[in-house]
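The values are calculated or read from the model by the stated rules, or taken from the named source; none is laboratory data. Everything numeric in this text was worked out from a predicted model, so none of it was measured. Here the Cβ positions follow ideal geometry from the backbone for every residue, glycine too, while neighbour counts run over all protein chains shown.
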Amino acid sequence: MPIVRLADLIDQPVVAEFLRGVVASGRYATAYLFEGPHGVGKGTAALAFARAILCEHGSGASGPSQATPDLFAAAAPAKKQRAAPADDACGVCAACAKTATFQHPDLKFLFPVSGEEKELENTVAETLESLREDPLFVFNYEKAASIRLWLTRDLIRELAYQPFEAPRRAIVVRDADRMREDQYSALLKSIEEPGPATVWVLTTSRVNRLPATIRSRCQRVRFAPLVEQTVSGFLEQRARVKPDDARLIAALSSGSLSRALTLRLTNPRETRDKALALLEPAVRGASSDLWKAAQSFMSYGRTGRETLRRMIEFHELWLRDLLRARYGAPAEMLANRDREAEIRRQAQTLDAREIRRRLSVLEEALRAMEGNVTADLTIFSAMARVAGGRFGEGEWPPHPAARWDY
Ligand SMILES: [Zn+2]
């Protein structure tokens, strides 16, 4: 597994510079809170920071004397020399080898899990294995996933002892907002009364779910959403996604690389084409065809709702492209560049006001889906309204969970 260092963080120059400054100074706060949108590299940065903290060549390390390398400097070929960065993990020392594979005894890494209690040890081990094996691994949790009590209990017990190998230990708690109240009290106590040198790094994309007492004890580090070009560039270069797909996925990802990496596995252009095709029966006024089409996506089971949500987003993306085309945007600014000719043609027939009306219908539909409104009915109604009509009462599909009041 290639080690990710602070120098490798993508598109977070402010954060990277700050963290490297901290490592260079060797003066650590007891706890850091990495906050910001989902999927912008907080977890990766937290691990990279931990690696830098534990690196044998770090500024705070009690480690190697500088005399030895200097002695041989003249004899050794220059390119074999690797200057030990004082502000980042070196990537080559024994500690870096261990932190890269999560085998360093002073690196603790907690993250939410879900499932049967008796299987959890396996779940944790499997997740770490995937993370080691797959540099593009994405943490995707079930709604109910949480950081388990026994994990924090074991950890806090260990804090009473000195670190094993490094001068300090680094504890990374991913998505720290997924804990129970009593865990926070224990965590707070550990942060307030730091034992032998410990640096906590908590990450969250839902900062308001963390108790204020925890937030106020942490040095806060804010992450920004990634820009679209960064996401599409990463997809093309590191995940080998085709340029047209990469652009489409990046436009859908709202600056979240994890979201983009998950989307790349879903054949986005095919889903988009199916989504856009939904408008056709709506335009024809063929309510039963529209209903059948909307329902077919619900057959994907638990992901059906998510798929329908995404389909509305594809429609939004398309309309935004129409707006861009109306204002004369060049091809490279279009998310759906592979269907450029069609976009240019449609942009001739719809004025900006109509495009905005459609967008607001779709926005409303997305909000309805956030609530408990049935997803297939929402898309049915949204398509009808985008097409400019409303179906009469008799044309609405019978539905067990029907709600007509939106
Ligand atoms: Zn190192």
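Before moving on, here are some points about what is shown:
- Among (1) more than 30 Å from Arg353 (Cα to Cα); (2) not in a helix (DSSP H, G or I), the one test that Gly255 misses: (1)
- Pair list, Cβ < 7 Å and 6+ apart or interchain, from region 254-283 residues that are on the phi > 0 side of the Ramachandran plot to residues that are crowded, with 22+ Cβ neighbours inside 10 Å: Gly255/Val40; Gly255/Leu226; Gly255/Val231
- Note on region 208-246: residues that are among the β-branched types (Val, Ile, Thr) and under 16 Å from the mean Cα position of the chain (by Cα) total 3.
- Pairs linking a residue in region 87-109 that is more than 19 Å from Val201 (Cα to Cα) to a residue that is more than 13 Å from the ligand (Cβ to nearest atom), with Cβ atoms under 9 Å and 6 or more positions apart or on different chains, are Gly91/Pro2; Ala97/Gln103.
- Flag if Ala84 is within 11 Å of the ligand (Cβ to nearest atom) and modelled with pLDDT of 90 or more: no
- Top-ranked residue of region 220-252 - restricted to ones that are charged (D, E, K, R) and part of a loop (DSSP other than H, G, I, E, B), ranked as surrounded by the most Cβ atoms within 10 Å (Cβ to Cβ): Lys242
- Residue match in region 89-108 (condition: of a type in the set (Ser, Thr, Tyr) and more than 16 Å from the ligand (Cβ to nearest atom)): no
- Any hit, region 46-62, residues being more than 16 Å from the ligand (Cβ to nearest atom) and modelled with pLDDT of 90 or more: yes
- Qualifying residue in region 387-403 (condition: at pLDDT 85 or above, surrounded by 15 or more Cβ atoms within 10 Å (Cβ to Cβ) and in a helix (DSSP H, G or I)): no
- Criterion applied to Glu129, Glu165 was being within 25 Å of Ser256 (Cβ to Cβ) and surrounded by 12 or more Cβ atoms within 10 Å (Cβ to Cβ), and the one residue passing it is Glu129.
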